[in-house]
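Read through the structure below, which is laid out as structure tokens, and then see the notes.
The values are calculated or read from the model by the stated rules, or taken from the named source; none is laboratory data. Predicted model, so just to flag it, every value in this text is computed and none were measured. Please note: Cβ atoms are built from the backbone with ideal geometry, for glycine as well, and neighbour counts cover all protein chains shown. Ligands, DNA and RNA are stripped out before the accessible areas are found, and what is left, the full protein with its side chains, is counted by its heavy atoms. Shrake-Rupley method; radii C 1.70, N 1.55, O 1.52, S 1.80 Å.
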Amino acid sequence: MTTEAAAPAPPAGKVLLELVGLRKEFGTRTVNVAVDDVSLEVHEGETLALVGESGCGKTTLTRLLLRLVEPTAGSVRFDGQDLTALSPAGLRAVRRQMQVVLQDPYASMNPRMRITDIVAEPLVTHDPQARGRRARARTRERVGELLEAVGLDAGIQDRYPHEFSGGQRQRVSIARALALRPRLLVLDEPTSALDVSVQATVLDLLADLQGRLGLTYVFVSHNLAVVRQVADRVAVMRRGRLVEVGATAAVLRTPRHPYTRQLLDAVPVLDPRRGRRAAERGSWTSAADRGSLTGDESR
Amino acid sequence: MSIDRPTTDPSQRPAHERPLLEINGLSVDFRLETSVVHAVRDVSLHVRAGETLAVVGESGSGKTATALSVPRLNPSPPCVYASGEILFDGRDLLALSERELGRIRGRDIAMVFQDPMTCLDPLQRVGAQVAEVLRHHTGMSRAEARDAALDALDEVGIPDPALRYRQYPHELSGGLRQRVMIATALVGRPRLLIADEPTTALDVTVQSQILDLLVTLQDKHGMAVVLITHDLAVVAETADRVAVMNQGKVVETGDVLDVFDRPADDYTRKLLAATPRLEAV
Ligand SMILES: Nc1ncnc2c1ncn2[C@@H]1O[C@H](COP(=O)(O)OP(=O)(O)OP(=O)(O)O)[C@@H](O)[C@H]1O
Ligand SMILES: Nc1ncnc2c1ncn2[C@@H]1O[C@H](COP(=O)(O)OP(=O)(O)OP(=O)(O)O)[C@@H](O)[C@H]1O
Ligand SMILES: [Mg+2]
Ligand SMILES: [Mg+2]
């Protein structure tokens, strides 16, 4: 992540993640190619944004790179190791270095688990020292810190996920993903349920962790203004394929692919005097004033 | 254009100007084992036929709890409607029996939920779920409902609706699921649509298509829309009026142009200032 003023840094670190010819098909009778021949390198310490049409394969691509689903073809290398060739033990060791914030965090939370156990889950799974009764106080303290870092009250630990708002749950999911200090963090629409001021807190936290610990982020987002702010490079996907990859400023300022252009043109603007739908439309109420419509016709 | 006229007594206005939905002094609590969350505190809002009211505000400020109060869908317990009234077409929804409300829900008042999985049945094909709404509310035949459901999927910009019709929710991307939910809400042509973050999983081109669709339905049918969103640019482009919530209260409400030009509340100013922009300013 860079500040807005910084020059678009070329990817500096070594290659942490390497995707080669990835393909994923779904379905048997009618085959749906969700990811189609995607090759991409992600460098240590960079933020790569993945943007594109809804349904173009972004989430599937992130699941492939975490090896949560098996590719139909192609390979994923993390830190030089081929994930598809690893033993279960080897995969477990790599997994602790990769975490994910899912697009739909609520679906991934066990409704009967308390917030404290949800956030501590990766710690308890991967760190023997976090297990057992004696570790409990320390783990709770760590969970409290993580919750506060994402703008939540540390006192909510004994409550259940359904008791929270959409944005509060999304932050619980971010806290959980950060618990292990992963090297690679995949964030699938991580701030879509957050108001802009909480979003800024979360983005600052991510930038700070990256600055101090050299984390690598793959950041899936529909919000191009956020992408502009956080990403070093942008990969644009359409219908399963990468159509454009480049430095953020270059892609957003001088897009090469027509689809990227189309996306940029569709971004809504904050000025209520420009591009207004509400003003352009013939108002229902004024139509009713003219007596041309009655309430009954509206059904 | 709809203009806020808070000083006029609503009962004095002609019928078409009276708000379709009027929430007065609503308070909603969640009574937990050891504590009470005052999620909504004395909230008053209204929206007229054909109009869009945007509700924005802090995460956890009570937007969803307010929205779910209208069709009375907050989980109860722990939810208690502590005070207030919710007038829809002049009738207080909080006072209706479950049966009476059941007839209004999904037909006159439709919801797009913030979390698609709370309304989609994971074990049922998505097309059947859209068709079921129609069969339930209109008594269409199976074949008619199927055709109308396919049209509804097409209308929300889902490519290859016939393929999607047969799929289960887990086979869809986040944005496809969100569009199925929007189709389910719109297929019965509701008079009031309450849409809670309806476009968070959509790319901007599809988002724009959906917002255009809402406007078309507003023009054609006078549908009123309550649009909950974190995206102030969407508010700027789409809403007539906006209400800003913070900590369970409405801290500011007014015409979109007025609120954006002269935000009266500190929190509103903070939101406007913190919005990331695509162009450098
Ligand atoms: N488990 C599955 N079974 C069948 N098809 C699937 C499955 N998961 C995804 N797909 C299909 O793969 C395609 C890509 O979906 P994916 O979720 O990767 O899209 P996306 O880019 O993340 O979209 P969005 O922005 O809407 O979240 C879609 O056509 C989707 O229906
Ligand atoms: N079922 C519940 N039990 C207990 N507390 C709840 C419940 N549902 C919501 N709350 C609390 O009520 C408050 C308001 O929640 P609500 O979901 O209305 O927020 P919101 O404005 O929609 O936020 P977001 O933008 O994050 O979705 C929050 O503090 C939340 O934790
Ligand atoms: Mg997705
Ligand atoms: Mg909400």
- Going through (1) under 20 Å from A:VAL51 (Cα atoms); (2) at pLDDT 95 or above one by one, B:VAL259 fails only at (1)
- If you take the residues in region A:256-277 that are of a type outside the set (A, V, I, L, M) and open to solvent by less than 30 Å² (accessible area, probe 1.4 Å), which one is nearest to A:LEU50 (Cα to Cα)? A:THR260
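So that you can scan it fast, the table gives a plain yes or no per residue for (1) surrounded by fewer than 18 Cβ atoms within 10 Å (Cβ to Cβ); (2) more than 23 Å from B:MET117 (Cα to Cα):
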{"site": "B:ALA131", "(1), (2)": "no, no"}
{"site": "B:ALA149", "(1), (2)": "no, no"}
{"site": "B:ALA152", "(1), (2)": "no, no"}
{"site": "B:TYR168", "(1), (2)": "yes, no"}
{"site": "B:ALA183", "(1), (2)": "no, no"}
{"site": "B:LYS220", "(1), (2)": "yes, yes"}
{"site": "B:THR229", "(1), (2)": "no, no"}
- Task: State whether the residues of region A:191-209 include one that is within 20 Å of B:LEU202 (Cβ to Cβ), away from ligand 4 (no atom under 16 Å from the Cβ) and either at pLDDT below 95 or aromatic (Phe, Trp, Tyr) (or both).
- Result: no
- Query: Pick from B:LEU176, B:LEU193: which is out of contact with any Leu (no Cβ under 6 Å at 6 or more places or on another chain), under 15 Å from B:ARG105 (Cα atoms) and modelled with pLDDT of 95 or more?
  - Reply: B:LEU193
- Query: Would a scan of region A:45-58 turn up a residue that is surrounded by 20 or more Cβ atoms within 10 Å (Cβ to Cβ), part of a loop (DSSP other than H, G, I, E, B), among the hydrophobic types (A, V, I, L, M, F, W, C) and modelled with pLDDT of 95 or more?
  - Reply: yes
- Query: Is it the case that some residue within region B:116-125 is more than 16 Å from ligand 4 (Cβ to nearest atom), among the β-branched types (Val, Ile, Thr) and within 14 Å of chain A (Cβ to nearest Cβ)?
  - Reply: no
- Query: Does B:GLU33 count as out of contact with any His (no Cβ under 8 Å at 6 or more places or on another chain), at negative phi and in a strand (DSSP E or B)?
  - Reply: no
- Item | Flag if A:GLU148 is away from ligand 2 (no atom under 15 Å from the Cβ) and modelled with pLDDT of 90 or more | yes
